[in-house]
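The block underneath contains the structure these notes are about, expressed in structure tokens.
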């Protein structure tokens, strides 16, 4: 198998495992998981894409390895005003 195919297969396996982490933590009554680091410091768009994907899977946050990654991660993982309002409505119901 060529290295590109191996990388794609590995990525698919990781996506399956990652997508099951949040429902499992919810079922276990524990905090949602935090995604692993994005090591490419000179590729902020890639960090944003990875963080958005992790959030879509239910991850609570993403680890950072450099201070310049923090602003992007805060932007992605900080709930919006409408998300907070929706959560408050759900909680009150």
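Just a few scattered comments:
- Residue 87 being touching a helix residue (DSSP H, G or I) at 6+ places or on another chain (Cβ under 7 Å) and surrounded by 11 or more Cβ atoms within 10 Å (Cβ to Cβ): no
- Within the range 42-69, the set of residues being in contact with a helix residue (DSSP H, G or I) (Cβ under 8 Å, 6 or more places away or on another chain) and either under 16 Å from residue 25 (Cβ atoms) or at pLDDT below 95 (or both) comprises 54, 55, 57, 58, 59, 60, 61, 62.
- The range 47-64, residues that are farther than 21 Å from residue 83 by Cβ and loosely packed, with under 12 Cβ neighbours inside 10 Å: 63
The values are calculated or read from the model by the stated rules, or taken from the named source; none is laboratory data. Bear in mind the structure is a predicted one, so any value in this text is a computation, not a measurement. Glycine also receives a Cβ, built like all others from the backbone with ideal geometry; neighbour counts cover every protein chain displayed.
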